[in-house]
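Novice: Mind having a look at this structure? Questions to follow.
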Amino acid sequence: MESVPIVFVAFIILVALLFDFTNGVHDAANSIATIVSTRVLSPQQAVLWAAFFNFAAFLIFGTAVAKTIGKGLIDISTVTPLVILAGLFGAILWNLITWYLGLPTSSSHALIGGYAGAAIAKAGMEAIIFAGWYKTIIFMFVAPLVGMLLGNIFIIIASWIIYGAKSHPSKVNAWSRFLQIFSAALYSLGHGGNDAQKTMGIITSLLFSVGLISTFNVPLWVVLSAHGAIALGTMMGGWRIVKTMGQKIAKLRPIDGVCAETASAISLFGATHFGVPISTTHVITGAISGVGAAKRISAVRWDITLKIVWAWVLTIPLSALTAGIVYRVMNLFA
């Protein structure tokens with residue numbers, strides 16, 4: 001094992017936490033778009049609420065997703081600090097591009113794409129653990145469909161209950177606004193629990209590759225720093241994407257927000273429990289579409305949704321390509 005200066009290791013950890021921070025900025029929209037668009041909370045209140053639960057998620061979830069990212073997708077024997085650094089730069093660059101364009105793409109897929117691209121640039125396709133990728137790729141398509149189905153089912157059930165109780169719209173709005181505070185908290189817990197672990201996996205891979213830890217167990221300081229970074233990013237917000245998520249896909253009422261966030265939270269909790277690095281962006285987008293489609297198919301802006309889907313499809317290959325190029329360039333000066 002080559003000797004790596006501790007300063008270089010510390011720098012890569014800072015870059016990983018920067019990615020985590022941009023993840024929070026990018027995906028803040030997922031956590032707060034519905035609750036802001038329905039005007040249950042102001043943008044400032046919403047980001048603080050979401051950031052708190054992003055951080056608190058470490059009390060609930062383990063590190064199964066971190067282990068999938070760290071040693072389940074890439075042969076860890078091929079991982080070097082340079083591979084990790086190039087992968088992070090590729091993911092960050094893609095996050096910034098899509099943030100600027102207002103596209104709610106997946107930070108998770110940007111990270112695993114960048115990580116894979118850098119590893120392939122170093123060691124070829126032998127670096128890839130295909131068994132781990134099957135699960136990830138499958139959930140890339142399943143996640144938004146699950147979110148869409150659950151969101152559709154929940155809004156239909158809620159509509160039946162409202163119709164049966166003959167509740168006045170003002171009364172429905174009142175209790176829906178109250179419930180949405182809790183559904184948004186659940187979604188933010190799921191978001192922090194799944195997404196922060198991806199950065200934990202990268203940092204732990206780095207520590208393992210340079211011999212600072214002898215077994216792949218995520219240290220507590222890594223857990224806390226990853227949750228702290230994503231919470232800070234969420235507090236910064238991602239207002240361009242909030243507009244896309246909260247208004248352009250479908251016009252939302254408080255009851256719609258409750259159903260979309262609850263559907264997403266259930267999906268995220270389940271995936272995190274089983275160690276699946278799911279896309280929080282995919283889930284909430286699918287759930288919002290499902291809620292909108294329950295009213296009528298035309299209630300969903302399918303042109304906007306299709307644009308988002310294309311961004312999803314391109315995220316892994318383009319972030320991998322970017323990271324591969326970054327690795328080649330860095331390697332010339334290594």
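Rundown of residues vs (1) modelled with pLDDT of 90 or more; (2) surrounded by fewer than 24 Cβ atoms within 10 Å (Cβ to Cβ); (3) farther than 23 Å from L332 by Cα, yes/no style:
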site: L85; (1), (2), (3): yes, yes, no
site: P104; (1), (2), (3): no, no, yes
site: A110; (1), (2), (3): no, no, yes
site: K122; (1), (2), (3): yes, yes, no
site: W133; (1), (2), (3): no, yes, yes
site: I138; (1), (2), (3): no, yes, yes
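Novice: Something else about it: S170 - would you say it is out of contact with any Pro (no Cβ under 6 Å at 6 or more places or on another chain) and buried (at least 20 other Cβ atoms within 10 Å of the Cβ)?
Specialist: Values: out of contact with any Pro (no Cβ under 6 Å at 6 or more places or on another chain): yes; buried (at least 20 other Cβ atoms within 10 Å of the Cβ): no.
For S170, the condition - out of contact with any Pro (no Cβ under 6 Å at 6 or more places or on another chain) and buried (at least 20 other Cβ atoms within 10 Å of the Cβ) - is not met.
Novice: Return the pair list, or none, for Cβ contacts closer than 7 Å from residues in the range 318-334 that are farther than 18 Å from T98 by Cβ and surrounded by 24 or more Cβ atoms within 10 Å (Cβ to Cβ) to residues that are basic (K, R) and modelled with pLDDT of 90 or more, at least 6 apart or on different chains.
Specialist: Within 7 Å, the pairs are Y327/K122.
Novice: Among the residues of the range 165-174, are any touching a Ser or Thr at 6+ places or on another chain (Cβ under 7 Å) and of a type in the set (S, T, N, Q)?
Specialist: First, pick out the residues of the range 165-174 that are touching a Ser or Thr at 6+ places or on another chain (Cβ under 7 Å): none.
Within the range 165-174, not a single residue is touching a Ser or Thr at 6+ places or on another chain (Cβ under 7 Å) and of a type in the set (S, T, N, Q).
Novice: Given the criteria more than 30 Å from F8 (Cα to Cα) and loosely packed, with under 14 Cβ neighbours inside 10 Å, does W160 qualify?
Specialist: Details: more than 30 Å from F8 (Cα to Cα): yes; loosely packed, with under 14 Cβ neighbours inside 10 Å: yes.
Judged against the criteria, W160 is a match.
Novice: Also, quick follow-up: From the list F19, F8, F52, pick out the single residue that is closer than 28 Å to A311 by Cα, in contact with a helix residue (DSSP H, G or I) (Cβ under 8 Å, 6 or more places away or on another chain) and of a type in the set (F, W, Y).
Specialist: It is F19.
Novice: Could you list, in sequence order, all residues of the range 87-98 that are over 19 Å from G124 (Cβ atoms) and buried (at least 20 other Cβ atoms within 10 Å of the Cβ)?
Specialist: Filtering the range 87-98 for residues over 19 Å from G124 (Cβ atoms) gives 88-89, 91-98.
Of everything in the range 87-98, those that are over 19 Å from G124 (Cβ atoms) and buried (at least 20 other Cβ atoms within 10 Å of the Cβ) turn out to be L88, F89, A91, I92, W94, N95, T98.
Novice: Follow-up question, since we're still on this one. Is it true that K135 is in a helix (DSSP H, G or I) and either under 30 Å from Q45 (Cβ atoms) or small (G, A, S) (or both)? So that I can check it myself, show each step before the final result.
Specialist: Numbers: in a helix (DSSP H, G or I): yes; either under 30 Å from Q45 (Cβ atoms) or small (G, A, S) (or both): no.
It is false that K135 is in a helix (DSSP H, G or I) and either under 30 Å from Q45 (Cβ atoms) or small (G, A, S) (or both).
The values are calculated or read from the model by the stated rules, or taken from the named source; none is laboratory data. As the structure is a computational prediction, the values presented were derived from the model and not from experiment. Counting neighbours? That spans all protein chains shown, and the Cβs are built from the backbone with ideal geometry, glycine included.
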